[in-house]
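Written below as structure tokens is the structure these notes are about.
The values are calculated or read from the model by the stated rules, or taken from the named source; none is laboratory data. Just so you know, these numbers come straight off a predicted model, no measurement behind them. Here the Cβ positions follow ideal geometry from the backbone for every residue, glycine too, while neighbour counts run over all protein chains shown.
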Amino acid sequence: MSSKPDPKILHQQIEKLMSRIAAESDANSLRNIHANISKHPELDDADRERLTEAVVNRLRVVSPKLAKTFGGPKDGPARIFLQKVYEESAERFDLSGNVLKNGVKTGGLMISGQFYLDVYLSYKTASGLNLALTWLQETPDADAILRLSLREPGVSGRGLLKENTFTDQDQAAAEWTTWLEGLIE
């Protein structure tokens, strides 16, 4: 009959594994660690989730393709949030005046590799004012920043007119709605 391991020893093992995960650069080793986490009978749900998240975040750096297998697309949470904001806006406002394509798009900072995530939603008027709600995340472990900006781009534009940043999704969505209403009406 097996007994439960000493909680202090298990905690030490978990912390040691967290350090190993953070330093690991081999995708196959990370895959094996993930498999062992899934099978480990002494881990409670919270520890299992914490370790799995650490493996997926490390894989996003080491092997993005493999990370997608375990954790889904890296921009999944950002796209879900921004898509919800877009759908609520489309129900409330007539967005047919948007000069740009409606919907959620991938930003240049993510495409160029400067940021881990850069996903945005925008509305541009015929007069050239551009409102954007952007989900930015510099690294997999960094907190997301939601940036709301109103710009007048172009050669004759005045550039950035106003900008706010948020960490709270509800606040960012509410402010987007307020700014969009002022832009459309």
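One table, with the values for the structure above:
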{"item": "Out of THR134, THR106, THR125, sole residue that is surrounded by fewer than 18 Cβ atoms within 10 Å (Cβ to Cβ) and under 14 Å from the mean Cα position of the chain (by Cα)", "result": "THR106"}
{"item": "Enumeration of residues in region 93-103 that are surrounded by 12 or more Cβ atoms within 10 Å (Cβ to Cβ) and not in a loop (DSSP other than H, G, I, E, B)", "result": "LEU95, GLY97"}
{"item": "Extreme residue, farthest from THR139 (Cα to Cα), among residues of region 14-60 that are acidic (Asp, Glu) and part of a helix (DSSP H, G or I)", "result": "ASP45"}
{"item": "Residue count, region 74-87 (criterion: within 30 Å of ILE21 (Cα to Cα) and in a helix (DSSP H, G or I))", "result": "6"}
{"item": "Region 109-122, residues that are over 16 Å from the mean Cα position of the chain (by Cα) and surrounded by fewer than 17 Cβ atoms within 10 Å (Cβ to Cβ)", "result": "SER112"}
{"item": "Any hit, region 61-73, residues being in a loop (DSSP other than H, G, I, E, B) and either in contact with a Phe, Trp or Tyr (Cβ under 8 Å, 6 or more places away or on another chain) or farther than 30 Å from ASP118 by Cβ (or both)", "result": "no"}
{"item": "Leading residue by the ranking (farthest from ILE14 (Cα to Cα)) among those in region 48-93 that are modelled with pLDDT under 90 and of a type in the set (Val, Ile, Thr)", "result": "THR69"}
{"item": "Residues located in region 23-37, provided they are touching a residue at least 12 places away in the same chain (Cβ under 8 Å) and loosely packed, with under 13 Cβ neighbours inside 10 Å", "result": "SER25, ASP26"}
{"item": "Verdict on ALA90 being of a type outside the set (D, E, K, R), free of Cβ contacts under 8 Å to residues at least 40 places away in the same chain, surrounded by fewer than 16 Cβ atoms within 10 Å (Cβ to Cβ) and in a helix (DSSP H, G or I)", "result": "yes"}
